[in-house]
Amino acid sequence: MSSPSAYNPHEVEARWYRQWEAGGCFKPDPSSSGSPFAIVIPPPNVTGILHMGHALNNTLQDIVIRFKRMQGHRALWVPGTDHAGIATQNVVERQLAKEKTTRHQLGREEFVKRVWAWRQEYGSTIVQQLRRLGSSCDWSRERFTMDEGLSQAVETAFLELYRAGLIYRGYYLVNWCPRCQTALSDEEVQHEEIQGHLYHIRYPSAAGGEGLVVATTRPETLLGDVAVAVHPEDERYRSLAGKTLLLPILKRPLKVIADPVVDRAFGTGAVKVTPAHDPVDFLFGQRHGLEAIRVMSAEGRMNEQAGPYAGMDRFECREKILEDLAAQGLLVKTEPHTSAVGHCYRCKTVVEPTLSPQWFVKMAPLAKLGIEAVEKDGLRFVPERWTKVYLDWLANIRDWCISRQIWWGHRIPAWYCRHCYPAFLEKQERGSLSDNLKMDEAQAGIHVGSKPAACRHCKGTDLVQDEDVLDTWFSSWLWPFSTLGWPRETEDLRTFYPTSLLVTGQDIIFFWVARMVMAGKFFLKKIPFREVYIHGIIRVEGGKKMSKSLGNIIDPLQVIDRMGTDALRFSIAHMTSEGQDLYLAEDKFLLGRNFANKLWNAARLILDSPSLPVSQSPIPFNPRSMTLADRWILNRLQRAIQETTDALNSYRFNAASRILYQFLWHEFCDWYLEIAKLQKEGGDPSLAQQTGFIQRTVLEAVLRLLHPFMPFITEEIWQKLQPETLMRAPWPTPNPAWIDPEAEELFGRLDFLVTEVRNIRAFFRVPAKEKVTLLVQGRKGTALLKEHENWLKRLAGIGELTADEKLKRPSGSAVSHLPAAGPFDAWDLVVPLAGLVNLDVERKRIEKEIEALQVRAKAKRSRLADSTFRSKAPPDVIAEEEESLKELGAQLAKWQDSLKQIQ
RNA sequence: GGGCUCAUAGCUCAGUUGGUUAGAGCGCUUCCUUGACAUGGAAGAGGUCAGAGGUUCGAGUCCUCUUGGGCCCACCA
């Protein structure tokens, strides 16, 4: 083929992807008798643009799915996207802001239309980018978490859980994002260590005494204080327990309550209690039947309960209140203090714990299923250590707040009586925290399901649907079966559920993986996948996270533009060691680019030479007529096939890529192809044809082995060998007839010899063009040299090669000694270098060699002299050591003899 | 406060069950451009495997501790 010398990926990538997709290559082959193998994609957000994390995640999935497909499985990779409630709503809201409007001005219906329009226009970006990565997803099965089928699944799931008593509405303290103005689940809150202060504030006694000093990090919340807590055995406060203090500024009377949860050693040992704005205080308030006073609005501003601070931002209020306390002499002390502050995972705003009515999933029974999945159903994490993380989380699980006060998402299927519900809510807000804060749905006029004709409590007919939508993850956790058709009993669901493997990052084990397992077990009574491969996180060199704000992004699309998709994919696979984070730098992708280039050029060489077509099977040559090099490379190939298969079966992507890199580059190209060129020069056309055939045979197998890693370039070359797509080619299996330990041994000897001669040439600076003479002194095995004289001479730069047991060593020679091995006895290599060899230099070279051998021999001797080693080590290890010591001794003698001859 | 993880060549990292002389890519040094590939070829330099102790005939590999990075979880305000 007259291809350009450098591989140009852009030409071929788009073309092949189109052809594969059009040819239905990504669909599971219905005629295949292989067992199903399914993966569901971790659905990227519709708002997403491809980053390195996606590139890693999808490359690994694609490697596996292509591998399984070639192995004859009915391989299915289900793609799709996630509607990403808050994230997407935020994107569209920002767009509205540019238009100087808000979603509230637009109204709910219009706004949701806008989001759909946005999705229509931009939502396919990430999906197109996945195609550029070469992802062999079955796009005919693409799903979206808001499409009709999945919405049906969400509603079904909600109702089933509700009927099972696992969904309830409650008035609780939840994580609230004042910017997004919605509740968040515990998992959606990111804790960050913040350098703050611990403020010591005096609460005077109502009776006029000094009172006591509390310590707090959040002085603005004191406006909502309803009590002060101390430890019952704390001497300092014993006299104050049960007494009344005066809340600074608002002058509200506060009881001092004794409770052993208070840590006497922290701060002052006295804690202010603010049930409406602190999770610990909320529990405390429940236990002691306190009321809760909300002092902030949904926007995080102080409300009318905050007295003089009403209307202020919460942080502004903090500053002002500290000022006022200081002015009144109540701010006793300020000390630096770091604490973990919760932030919204979407917008990074500091979360405000807020009392509000929300929907929850009761998790304890589901967590039990999740634990069972590991203990009984054989759910397996790779690497295994994540099992513990998963189980620990399940063991300490808390109920899942699933309602979100946004508009983009699945509307909650619940209806409220306009008459009963507000009345009930008002009562509950006024009640004490010791009341059951789960809502009594009948009394509250709450109806789950489709719209009822009338309120079951008051029989009124004025009912409205819940304004809230469900947490995005409430649809994601159904993904492994909702994408296959659930709740309908589809053919896909029967065939591909449970799926086989999930590939994802550690960051969503709680959000997604654990919840899918629970949902799978709950709704379908089966775990959704047998194996979970958890890959690392992408970082840049230096260990930092890759982020836009740090400006250290490496854009996979740019890498693709510059070096090609295959280069990106191969490099990623090469760097992916089990579960370790990946530290990236731009130049790491050169490895893949260069490798692709090497493959390309090897293929050019091979395809330009005459050969029988590979498709002419069975093998049209007599194995006995094969040259040693032929036998050797075929043997190496069998090994590469076996090892690559083993590596992929255990998801050791880097191992697989290293094996193929080593085989193609350093065995096939560096040795075999170089020898093959020379074999073909011999003039024997049948040998030339045979060599060409073997080259093609190896190339063909390499293309198949490399295809999961580098689909495009391998297909491009493959098509020059035969017309059928590589995607339908079977995965290679080792051919026992070509496993050839003898060839390995014989070839190894010649390879060693060539390297030694090259070594001597380089050491003594023999000019490249100058041929040397090689004298080989040895008995057994030297006949081999004559047979392979042609390529040995050429590869080592030898002009004349003589093998004889008793040759005279010319003075001024460089020597080397090959140890006895297998069918060979020890060989002495002598390269006469009259004039080039400086005797002093040669002596030093030999002395260095002797020294190294002596060090090794000494270590072995002392090991063998050790009686405990002799009595405890296994006999074969001892025998091996003895054998190798003997050989070392022989070597040493050779070198020492050579040294003598110089002197 | 709990847990996980990493520390191996100048840099970035491999090293499956403990067993001869610890590997790769990049970088570096020397040499090589008559056609597969300079995104290349040949040769080479470079490591007391973070430190200390232990188990073992034998430890980069297993155990304990220390030091120094990274991450996750956690209701000390």
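The values are calculated or read from the model by the stated rules, or taken from the named source; none is laboratory data. Computed from a predicted structure; not experimentally measured. Quick reminder, even Gly has a Cβ in these numbers, built from the backbone with ideal geometry, and neighbours come from all protein chains shown. Accessible surface areas use protein heavy atoms only, side chains included; no ligands, DNA or RNA. Shrake-Rupley method; radii C 1.70, N 1.55, O 1.52, S 1.80 Å.
The table for this structure:
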{"read-out": "Every pair of residues 6+ apart whose Cβ atoms lie under 6 Å, when the first sits in region A:730-751 and is basic (Lys, Arg) while the second is modelled with pLDDT under 95 and outside any helix (DSSP H, G or I)", "value": "A:Arg749/A:Phe824"}
{"read-out": "Residue pairs meeting the criteria (Cβ under 6 Å; at least 6 apart or on separate chains; first open to solvent by less than 10 Å² (accessible area, probe 1.4 Å), in region A:595-606; second within 6 Å of RNA strand B (Cβ to nearest atom) and in a helix (DSSP H, G or I))", "value": "A:Ala602/A:Cys669"}
{"read-out": "Search result, residues across region A:631-667 that are among the aliphatic types (A, V, I, L, M) and within 13 Å of A:Ile63 (Cβ to Cβ)", "value": "A:Ala647, A:Leu648, A:Ala655, A:Ala656, A:Leu660"}
{"read-out": "Filter result for A:Leu818 (hydrophobic (A, V, I, L, M, F, W, C), closer than 26 Å to A:Thr627 by Cβ and either touching a Phe, Trp or Tyr at 6+ places or on another chain (Cβ under 6 Å) or within 13 Å of RNA strand B (Cβ to nearest atom) (or both))", "value": "yes"}
{"read-out": "Filter result (open to solvent by 30 Å² or more (accessible area, probe 1.4 Å) and more than 9 Å from RNA strand B (Cβ to nearest atom)) within region A:657-695", "value": "A:Ile659, A:Lys680, A:Glu681, A:Gly682, A:Gly683, A:Asp684, A:Pro685, A:Ser686, A:Leu687, A:Gln689"}
{"read-out": "Test result for A:Ser140, hydroxyl-bearing (Ser, Thr, Tyr) and either in a loop (DSSP other than H, G, I, E, B) or over 30 Å from A:Gly564 (Cβ atoms) (or both)", "value": "no"}
{"read-out": "One residue from A:Arg131, A:Arg114 being among the basic types (Lys, Arg) and either at pLDDT 95 or above or in a strand (DSSP E or B) (or both)", "value": "A:Arg131"}
{"read-out": "Number of the condition not met by A:Glu578 [criteria: (1) crowded, with 16+ Cβ neighbours inside 10 Å; (2) assigned to a helix (DSSP H, G or I); (3) within 8 Å of RNA strand B (Cβ to nearest atom); (4) of a type in the set (D, E, K, R)]", "value": "(2)"}
{"read-out": "Qualifying position, being touching a residue at least 12 places away in the same chain (Cβ under 8 Å) and either surrounded by 16 or more Cβ atoms within 10 Å (Cβ to Cβ) or not hydrophobic (A, V, I, L, M, F, W, C) (or both), among A:Ser31, A:Ser35", "value": "A:Ser35"}
{"read-out": "Residue check, A:Glu142 over 27 Å from A:Cys25 (Cα atoms) and surrounded by fewer than 18 Cβ atoms within 10 Å (Cβ to Cβ)", "value": "no"}
{"read-out": "Index of the failed condition, A:Thr217 passing every other in (1) crowded, with 23+ Cβ neighbours inside 10 Å; (2) within 12 Å of RNA strand B (Cβ to nearest atom); (3) under 16 Å from A:Leu325 (Cα atoms)", "value": "(1)"}
{"read-out": "Condition met for A:Ile527 (at pLDDT 95 or above and within 21 Å of A:Ala75 (Cα to Cα))", "value": "yes"}
{"read-out": "Condition check for A:Glu210: farther than 20 Å from A:Ile402 by Cβ and touching a strand residue (DSSP E or B) at 6+ places or on another chain (Cβ under 9 Å)", "value": "yes"}
{"read-out": "Exclusive hit being assigned to a loop (DSSP other than H, G, I, E, B), touching a strand residue (DSSP E or B) at 6+ places or on another chain (Cβ under 8 Å) and of a type in the set (A, V, I, L, M), set A:Leu254, A:Leu290", "value": "A:Leu290"}
{"read-out": "Among (1) within 16 Å of RNA strand B (Cβ to nearest atom); (2) open to solvent by 50 Å² or more (accessible area, probe 1.4 Å); (3) not in a helix (DSSP H, G or I), the one test that A:Lys388 misses", "value": "(3)"}
{"read-out": "Residue identified as closer than 30 Å to A:Thr461 by Cα and open to solvent by 30 Å² or more (accessible area, probe 1.4 Å) among A:Glu319, A:Glu426", "value": "A:Glu426"}
{"read-out": "Residue within region A:264-275 that is within 12 Å of RNA strand B (Cβ to nearest atom), open to solvent by less than 50 Å² (accessible area, probe 1.4 Å), in a strand (DSSP E or B) and under 15 Å from A:Tyr199 (Cβ atoms) present", "value": "yes"}
{"read-out": "Wholly within region A:9-100, helices (runs of 4 or more DSSP H) carrying at least 2 residues that are at pLDDT 95 or above", "value": "A:9-22, A:52-70"}
{"read-out": "Unique residue being open to solvent by less than 40 Å² (accessible area, probe 1.4 Å) and either in contact with a Ser or Thr (Cβ under 8 Å, 6 or more places away or on another chain) or more than 15 Å from RNA strand B (Cβ to nearest atom) (or both) when the list is A:Asp840, A:Asp897, A:Asp828", "value": "A:Asp828"}
{"read-out": "Residue list for region A:244-266, restricted to those being under 22 Å from A:Leu325 (Cβ atoms) and without any contact (Cβ under 8 Å) to a residue 24 or more places away in the chain", "value": "A:Lys251"}
{"read-out": "Complete set of residues in region A:740-764 that are near RNA strand B (Cβ under 10 Å from one of its atoms) and basic (Lys, Arg)", "value": "A:Arg758, A:Arg761"}
{"read-out": "Number of the condition not met by A:Ala820 [criteria: (1) open to solvent by less than 50 Å² (accessible area, probe 1.4 Å); (2) closer than 25 Å to A:Asp840 by Cα]", "value": "(2)"}
{"read-out": "Residue match in region A:223-243 (condition: under 29 Å from A:Val350 (Cα atoms), of a type in the set (Lys, Arg), assigned to a loop (DSSP other than H, G, I, E, B) and touching a residue at least 12 places away in the same chain (Cβ under 8 Å))", "value": "no"}
{"read-out": "Unmet criterion (only one of (1) farther than 24 Å from A:Gln181 by Cβ; (2) open to solvent by less than 80 Å² (accessible area, probe 1.4 Å)) for A:Val295", "value": "(1)"}
{"read-out": "Selection count where residues are more than 36 Å from the chain's Cα centre (by Cα) and either crowded, with 20+ Cβ neighbours inside 10 Å or assigned to a helix (DSSP H, G or I) (or both), scope region A:170-184", "value": "1"}
{"read-out": "Scope region A:434-451; condition in contact with a strand residue (DSSP E or B) (Cβ under 6 Å, 6 or more places away or on another chain) and assigned to a loop (DSSP other than H, G, I, E, B); matching residues", "value": "A:Leu437, A:Met439, A:Gly445, A:Lys451"}
{"read-out": "Test for A:Asp147: is it touching a Pro at 6+ places or on another chain (Cβ under 9 Å) and of a type in the set (D, E, K, R)", "value": "no"}
{"read-out": "Options A:Glu187, A:Glu193, A:Glu160; residue that is open to solvent by 60 Å² or more (accessible area, probe 1.4 Å), among the acidic types (Asp, Glu) and part of a helix (DSSP H, G or I)", "value": "A:Glu160"}
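Listed here are the residues, each with its yes/no results for (1) more than 35 Å from the chain's Cα centre (by Cα); (2) surrounded by 19 or more Cβ atoms within 10 Å (Cβ to Cβ).
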position	(1), (2)
A:Gly329	yes, no
A:Ala340	no, no
A:Arg346	no, yes
A:Glu352	no, yes
A:Gln358	no, yes
A:Met363	no, no
